[in-house]
Amino acid sequence: MDKRHNVLFALFIVCMLVLGSAASAMAGNNNKLNDGDDYKNSGQYNSNENSEKKIKNIIVMVPDGCDQSVQTLARWYSGEDLQLDSMVSGMVKTYMADSIITDSASAATAFSTGYKTSNGFLSVGPNSETLLSTIDESEVAEEYVPLATVLEGAKLEGKATGLVATSEIPHATPAAFASHVDSRKSYDDIIEQMVYENIDVVFAGGEDFLNDSRGDGENLIDVLESRDYQFITTADELKDVESRKVWGMFAGTSMSPEMSRTDEEPTIAEMTTKAIDLLSEDQDGFFLMVEGSQVDWAGHANDATYMVTDFLAFDEAVEAAVDFAEEDGHTLVIVFPDHNTGGLTIGNDETNKNGDLHYTELSVEELVDPLMGEEGEVVVGWTTGGHCGDDVPLWSYGPDRPIGLFDNTELATYVADAFGFVLDDVSDELFVDVEEAFPGMWELDTTDAKNPVLVITYENKVAELPVNKNVMTIDGGEETELNGVVVYAPKADDGNGKVFIPQEAVDLLKSKNNK
């Protein structure tokens with residue numbers, strides 16, 4: 001009996017040690033990271049066999065406006081496991097600088113720039129007067145100043161860049177990666193900046209925001225073609241694209257929901273596959289952001305069929321990305337919603353007191369229709385027609401994939417670290433306050449209010465830089481293409497306004513005067 005007691009005691013100790021180690025590891029996974037922290041040492045790195053491989057490409061994928069309930073319902077609806085089911089790796093906090101419940105613009109700003117901002121803002125600092133009481137003012141960016149994005153940082157590193165969405169392209173999420181404005185509704189300014197950002201591949205809806213119907217009278221399709229971009233509008237044209245410089249606008253505004261899409265429009269998986277094929281030609285690697293935009297719109301409409309079918313289409317796009325990453329070995333795929341929309345639940349007031357669903361006699365196919373509400377009553381509930389403030393899932397695949405609980409801003413830092421740049425350094429490179437560089441030597445010419453131009457008079461030279469564009473002329477000479485766009489922030493400096501230009505423009509103008 002004593003020997004048996006000793007053996008059992010020893011087994012007990014071993015079990016306690018194992019459980020203690022597991023608990024410690026799990027706790028480590030939940031540690032919040034600050035800028036500069038070593039992710040690998042924090043316990044938030046995946047220690048799989050690929051973890052030592054250099055990350056060359058990163059694909060960020062956003063099923064806008066959903067949580068685990070949508071994933072669960074989509075699994076029931078499809079009758080089989082999803083691609084995302086094998087990729088669950090953590091959770092993401094979603095609150096913003098001024099609200100516990102975020103909107104898509106501020107959420108995308110967080111995971112593209114690494115900073116929290118005010119709802120409705122796109123990659124600029126927040127309104128300091130509306131900050132949550134829990135926000136430390138020393139940790140937020142200066143009011144209204146532009147903030148560099150991971151796409152812009154990747155571009156400076158020589159990587160190819162791309163955006164894919166099922167919304168119109170100047171919509172909040174894609175816009176936050178390639179524009180800097182204090183209102184997500186400023187579509188004309190947003191898409192003009194996006195055109196002049198020199199993104200390699202852009203696939204979405206939104207042709208109407210590029211053509212002659214624009215408020216400023218400019219035809220940005222002409223601009224794209226003058227810059228050697230191929231411009232396409234159909235799924236058939238997409239199949240034939242070989243050029244890495246391409247804009248595909250497959251609808252005047254947003255693309256069709258998956259459940260009503262025709263063959264004229266490509267699927268999000270087809271757009272993703274083509275984008276990867278083109279971007280992967282760059283030997284320096286690439287950054288791609290893909291958004292399943294309308295999962296969110298379905299949540300606002302409390303339409304479960306719309307939501308699940310668009311989510312399943314998005315899951316197919318994730319599968320395409322993972323297939324590439326698996327073969328490539330140097331690609332990290334990170335997937336997460338920006339927030340939850342609608343608060344979908346599987347269960348509502350119509351289910352019985354135990355919340356049970358009794359469909360044991362039915363096949364999966366027979367279960368689907370009543371589950372989706374096509375017979376009037378069943379089982380799906382909603383808590384709101386708006387957004388929710390809860391944490392959302394994180395899915396990932398590839399070398400050093402993120403594992404644990406992350407703030408949404410930390411995902412931007414994660415991407416920047418993987419690519420080897422610091423976002424604040426990119427901001428310093430792309431957004432120089434013109435007053436600091438050329439004090440008292442500039443003015444904003446608003447003769448054409450829709451097309452303002454920054455004019456800098458430095459010694460014996462006059463430079464002109466149109467707002468929202470990446471070009472500069474000196475003394476009326478040839479245009480010089482810059483590595484970033486000119487950004488006007490009218491509400492900065494207590495409403496006096498500030499203009500920001502790339503450091504490259506400062507260096508070029510000053511070097512001209514030294515010759």
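Here's the yes/no breakdown for (1) buried (at least 23 other Cβ atoms within 10 Å of the Cβ); (2) aliphatic (A, V, I, L, M); (3) part of a loop (DSSP other than H, G, I, E, B); (4) in the same structural domain as Leu465 (by TED's automatic domain parsing):
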{"site": "Arg184", "(1), (2), (3), (4)": "yes, no, yes, no"}
{"site": "Asp189", "(1), (2), (3), (4)": "yes, no, no, no"}
{"site": "Glu192", "(1), (2), (3), (4)": "yes, no, no, no"}
{"site": "Asn211", "(1), (2), (3), (4)": "no, no, yes, no"}
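Does Asp263 qualify as being part of a helix (DSSP H, G or I) and among the charged types (D, E, K, R)?
no
From the list Ala178, Ala160, which one is in contact (Cβ under 8 Å) with a residue 40 or more places away in the chain, of a type in the set (A, V, I, L, M, F, W, C) and assigned by TED's automatic domain parsing to the domain that holds Lys245? Give the derivation first.
Values: Ala178 fails: in contact (Cβ under 8 Å) with a residue 40 or more places away in the chain.
On inspection, the qualifying residue turns out to be Ala160.
Counting residues that are at pLDDT 95 or above, which helices (runs of 4 or more DSSP H) fully inside the stretch 335-452 reach at least 3?
In the stretch 335-452, the matching helices (runs of 4 or more DSSP H) lie at 408-419, 423-430, 434-437.
Any idea which of Glu265, Glu281 is at pLDDT 95 or above, over 21 Å from the mean Cα position of the chain (by Cα), more than 27 Å from Glu152 (Cβ to Cβ) and of a type outside the set (S, T, N, Q)?
Glu265
What's the number of the condition Tyr488 fails, among (1) touching a Leu at 6+ places or on another chain (Cβ under 8 Å); (2) assigned to a loop (DSSP other than H, G, I, E, B); (3) closer than 16 Å to Val181 by Cβ?
Of everything listed in (1) touching a Leu at 6+ places or on another chain (Cβ under 8 Å); (2) assigned to a loop (DSSP other than H, G, I, E, B); (3) closer than 16 Å to Val181 by Cβ, Tyr488 misses just condition (2).
For every residue, the table says whether it meets (1) within 28 Å of Leu344 (Cα to Cα); (2) free of Cβ contacts under 8 Å to residues at least 40 places away in the same chain.
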| site | (1), (2) |
| --- | --- |
| Ala97 | yes, no |
| Ser112 | yes, no |
| Leu122 | yes, no |
| Glu137 | no, yes |
| Ala141 | no, yes |
| Tyr144 | no, no |
| Ala154 | no, no |
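Take Gly484 and decide whether it is farther than 30 Å from Ile135 by Cα, of a type in the set (Gly, Ala, Ser) and touching a residue at least 60 places away in the same chain (Cβ under 8 Å).
yes
Here is a list of conditions, (1) within 14 Å of the chain's Cα centre (by Cα); (2) at negative phi; (3) surrounded by 24 or more Cβ atoms within 10 Å (Cβ to Cβ), and Asp103 meets all of them except one; can you say which number that is?
(3)
When residues of the stretch 291-338 are filtered for being closer than 16 Å to Ser69 by Cβ, small (Gly, Ala, Ser) and touching a His at 6+ places or on another chain (Cβ under 9 Å), how many remain?
1
On the given criteria, is Val295 in the same structural domain as Lys245 (by TED's automatic domain parsing) and either assigned to a helix (DSSP H, G or I) or surrounded by fewer than 24 Cβ atoms within 10 Å (Cβ to Cβ) (or both)?
yes
Checking the structure you have, find out if any residue of the stretch 226-240 is of a type outside the set (S, T, N, Q), within 22 Å of Asp323 (Cα to Cα) and either over 25 Å from the mean Cα position of the chain (by Cα) or surrounded by fewer than 14 Cβ atoms within 10 Å (Cβ to Cβ) (or both).
Yes, some residue in the stretch 226-240 is of a type outside the set (S, T, N, Q), within 22 Å of Asp323 (Cα to Cα) and either over 25 Å from the mean Cα position of the chain (by Cα) or surrounded by fewer than 14 Cβ atoms within 10 Å (Cβ to Cβ) (or both).
If only one of Asp323, Asp310 is in contact with a helix residue (DSSP H, G or I) (Cβ under 8 Å, 6 or more places away or on another chain) and outside any strand (DSSP E or B), which one is it?
Checking each option against the conditions leaves just Asp310.
Which of the residues spanning the stretch 445-473 are crowded, with 20+ Cβ neighbours inside 10 Å and more than 33 Å from the chain's Cα centre (by Cα)?
Across the stretch 445-473, the qualifying residues are Ile456, Ala463.
The values are calculated or read from the model by the stated rules, or taken from the named source; none is laboratory data. Note that the structure is a prediction, hence the values are computed from the model and not measured. Ideal geometry is used to build each Cβ from the backbone, glycine not excepted, and the neighbour counts take in all protein chains shown.
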